[in-house]
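Quick notes on the structure that follows.
A short reminder: the numbers here are calculations on the coordinates, not readings from a lab. These numbers were taken from a predicted model, which means no experiment stands behind them. Positions of Cβ are generated from backbone atoms using ideal geometry, with glycine treated the same way; all protein chains shown enter the neighbour counts.
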Amino acid sequence: MAHFQDLAPCSYMRLWEQSSLAVGWLEKGNAYPRGAVDEKFFRALLRLCAKPWQPPVVSAGVHLCSLCQFAGRLAGSSYGGASGAIGTENVFIPGETKVFVAPAMIVHYIDAHEYVPPREFQEAVLKCPEMRSMPYFKALKDLGFPLSGY
Ligand SMILES: [Zn+2]
């Protein structure tokens, strides 16, 4: 899996570079902020990660957790009846000026490895419209994120 600093342009796909910021692309050997997050934020993120919208024809491959020693490497997370974070998907969250691109594995990083994502990302998650809803796509489009052309 690729590694990006939090809030660096997400150049995973060249099409995204201008309009996106990376969040949660953790890789073993790189330090990351640790601590506690608000449960409300975690639940909201889990819900968004359950069936995240994916741009067409984007297969980023399987994300394995390099922070886990053994069993969790492919694991998803479930909590309070919601589950998500299959290691093959990414989640796109419209922010104030750019779209945050995070691997769905971010849920696992928070739950199992105490990762604390940037505050602006947490705020964007709490404000994010329902996945695949009209307001969701409008928000991505307004930020210049390519919805087609892949
Ligand atoms: Zn892990």
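Between GLY95 and PHE100, the built amide H atoms are under 5 Å apart, and every one of these is 5 or more places off in sequence or on another chain. Each residue of the stretch 14-24 was assigned a 3J(HN,Hα) from its phi angle through the Karplus expression (A = 6.51, B = -1.76, C = 1.60, θ = phi - 60°), giving 4, 4, 8, 3, 6, 10, 10, 10, 7, 9, x Hz with x at Gly and Pro. Counting neighbouring beta carbons within 10 Å and listing from fewest to most, the residues MET134, MET13, MET105 come out as MET134, MET13, MET105.
Straight-line cross-link partners of LYS127 among the lysines, defined as a Cα under 25 Å from its Cα and at least 8 positions apart when in the same chain: LYS40, LYS51, LYS98, LYS138, LYS141. Modelled spin labels at SER148 and ASN30, positioned 7 Å past Cα toward Cβ, are 3.3 nm from each other.
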